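Notes for the one structure printed next.
None of the figures in this text is laboratory data; all of them are computed from the coordinates on show. What you see is a predicted model; the values in this text were computed from it and never measured. Methodologically, a virtual Cβ is constructed for each residue, glycine included, from the backbone with ideal geometry; neighbour enumeration extends over all protein chains shown.
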Amino acid sequence: MLAVQAWRTVRRTPRLDPAGGDEHGFLEGADPGAGPTFRVVVIGESTAVGVGASRHAEALPGFLAEALRERLRRSVAWSVSGENGATARRITGGVVPPADGSAPDLVVVTVGINDLIRRRPLRRWAADMAELVGVLRSRYGQATVLVAGMPPVHRFPAIPQPLRYVLGVRARTMDRIMREAARAGGAVHAPMDEAMARDRGLFASDGFHPSPAGYRAWAQDLARAAAVPRLAAPG
């Protein structure tokens with residue numbers, strides 16, 4: 001029955017394209033004296049490349065830059081490197097961009113849903129996550145590496161029961177492994193707020209990926225999880 005449900009879900013779920021537009025951007029800070037430009041890189045799978053939104057500026061990278069600018073009052077430069085359908089191994093081996101002269105201050109990685117769908121064995125998932133965190137930490141030096149937690153799959157509208165329950169249980173296990181790998185590798189794990197999945201308006205039309213409103217809410221959570229302080233407004 002689960003196999004039939006999975007097959008029907010794949011057949012019926014609309015295929016949405018990644019976001020278009022520039023894969024990098026710049027937001028001017030409110031306070032010119034607040035400090036140098038803060039640089040953030042978003043790396044990962046379909047949610048990194050903005051499936052469910054029309055432009056990257058209206059997906060996770062753009063909204064994360066807005067949230068960071070609000071907290072820092074500094075200018076924020078953002079960029080994205082991702083691949084729809086990428087697994088943790090694929091991100092490690094072919095998606096993580098090389099370090100360049102403008103070292104980021106924050107690296108955010110979204111990963112896991114494709115490993116879940118493909119039923120990556122949990123031991124291999126643990127090894128994959130440890131390798132991915134290690135590569136990010138070594139490549140980006142002093143940057144904060146923020147690992148976005150697994151989504152609350154047990155609440156995805158596109159997935160019927162009992163398949164939704166079964167995948168949700170496994171996703172929670174994968175999230176615990178992800179958290180342990182992040183802690184061991186000196187990264188930050190940011191669990192996704194399950195309450196977001198109760199609002200159908202935060203899902204795209206496929207009932208699987210975030211809508212622009214969902215990306216905005218998620219970005220605000222990630223900005224808080226990165227432990228970037230919110231600066232008081234002048235006066």
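Nearest 500 deg cm²/dmol is fine: what mean residue ellipticity at 222 nm does the chain get from its DSSP H runs of n ≥ 4 alone, each adding -39,500 (n - 2.57), divided by its residue count?
After summing the helix terms and dividing by residue count, I get -11500 deg cm²/dmol.
Which one of P98, V76, G201 has its Cα pushed farthest toward the positive end of the charge dipole of the chain, where Lys and Arg give +1 and Asp and Glu give -1 at the Cβ?
The residue sitting farthest along the positive end of the dipole is G201.
Size of the dipole of the chain about the Cα centre, Lys and Arg at +1 and Asp and Glu at -1 on the beta carbon, nothing else charged, in debye to 20?
That gives the chain a dipole magnitude of about 960 debye.
Ranking S46, S138 by Cβ neighbours within 10 Å, fewest first, what do you get?
Sorted ascending by nearby Cβ count, the order is S138, S46.
For the chain, give the share of DSSP beta bridges that are antiparallel, in percent and rounded to the nearest 5; count only bridges with both residues there.
Around 20 percent antiparallel, to the nearest 5.
Which one, I43, M192, P212, projects farthest toward the positive side of the charge dipole computed for the chain from Cβ point charges (K/R +1, D/E -1)?
Farthest towards the positive end: M192.
What percent do you get for the relative contact order of segment 129-221 when only Cα pairs under 8 Å and 6+ apart count?
Contact order relative to length: 31 percent.
For segment 61-119, would you read off the P(r) tail past 15 Å as a percentage of all alpha carbon pairs?
Roughly 58 percent, once rounded to a whole number.
For segment 2-225, what size does the Cα cloud have along each of its three principal axes, sorted from largest down, in whole Å?
58, 35, 27
Using a cut-off of 12 Å between beta-carbons, work out the net charge of the residues near A57 (Lys and Arg +1, Asp and Glu -1, A57 not included).
-2
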